[in-house]
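Comments concern the structure below.
Where a number appears in this text, it was derived from the coordinates with a stated rule and is not lab data. All values derive from a computational prediction rather than experimental measurement. All Cβ positions, glycine included, derive from the backbone under ideal geometry; neighbour counts span all protein chains shown.
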């Protein structure tokens, strides 16, 4: 039964208030609103939305249960396929995936699938009891406790495998913990989801850098039947500009890690301050760039700007994140590209030189290629520059295991089953694709878990 042409409005903090705190921006649906939104679903006989979900959630089924007020059953239905629903409901780009396939969306706004997923996950958060599964099918080592590793580990545990996840940081979650800000994804939510995976019987060993403390071959020698590599893409990219080594230049990865994982926003309780000054320039226009620009405002910057070489239509960030950034006062300096970073006599950033751009023909990405306008250079005064132009995989594990073949970009090569060139070693997520979305990494982890199960069972 369809009601209304637009989604039920998501309650959120007022922009003028939230820019001064790190509390969650979107506040979630209540029961009445969730039911109204669920009633917009047509319950199609041939639902396209399921095909748009990388982890294959039975979307119409769980939405029908929400419409009937059966919230716990709806959450159970979601968790049959998705081990991290409270996270996905907050940060996944449903508008490009399941909601992009929604039939309602042909003439109206699609059903708010992500919002409903978040609602049911939050509804059972405090009451859900997870029972461990008998683990008698074999042992699997998972390297990396990010979205791909957590998903692969949870799915394998449900299949009956003894799973150990090796995480290099002192907290699990990967990009969910160190990369995405508190105001978009509260770390309490991440911790709760991780604890439920541990309740399945998954062991997580922290501060363990595979490739340093031990190698892949040593894991096999210890009795593991297969290894899944889900180490993500945490090695930041830079432009190679003059002045990138000045004090006050950060990669977005370092900046957000210090704020999120090291709790810089709680200084002086946590002694990990981050200096931003009055004016901050963030180079790039993806979700990470929006996160960095919005975080800078919350750390006290008077001005925070996005510097991007293309135009508004080419920005890769989610529309929701761009909208929130604009509401909070982030300035967008589009069709501008940095050419060098300027420093003072003490080695600190004092400004950035940029060149104006115009758009030419479309390139291999499908976006119009930016072309520098000769003689259009200009300077902007900034105290901090944050580079948010992407990340590559960290090569530590691969240096220890040269048999695992990689691409020219440093990502791991896999076949359709997610197996690498080294027998028994599988990989998925950003370490294979390069920096992508949380849900795509989870989908890769799910597919790899199925392949690992098949591989081990064939071994007898």
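Okay, here's what the table says:
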| read-out | value |
| --- | --- |
| Pairwise label distance in nanometres, residue 43 with residue 239, each label 7 Å out on the Cα-Cβ vector | 5.4 nm |
| The stretch 165-236 and the stretch 331-403: distance between their alpha carbon centers, rounded to Å | 31 Å |
| Contour minus Cα-Cα distance for residue 107 and residue 209 (0.36 nm per residue) | 31.7 nm |
| Value in Å of the Kirkwood radius, where the stretch 15-124 supplies the Cα pairs that are averaged | 14.1 Å |
| Label selected from (1) 66, 58, 50; (2) 89, 54, 40; (3) 61, 53, 42, the criterion being Cα extents along the principal axes in Å as computed here | (1) |
| Percent RCO, i.e. relative contact order, over the chain, from Cα pairs under 8 Å lying at least 6 residues apart | 16 percent |
| Relative contact order %, the stretch 89-179, counting alpha carbon pairs below 8 Å whose residues are six or more apart | 22 percent |
| Sequence-separation-based contact order of the stretch 15-124, relative, with Cα cut under 8 Å and 6+ spacing, percent | 32 percent |
| Extension gain from residue 457 to residue 13, taking 0.36 nm per residue of separation minus the Cα-Cα distance | 154.8 nm |
| Estimated FRET transfer efficiency (residue 313, residue 372; beta-carbon r; R0 25 Å; 0.05) | 0.80 |
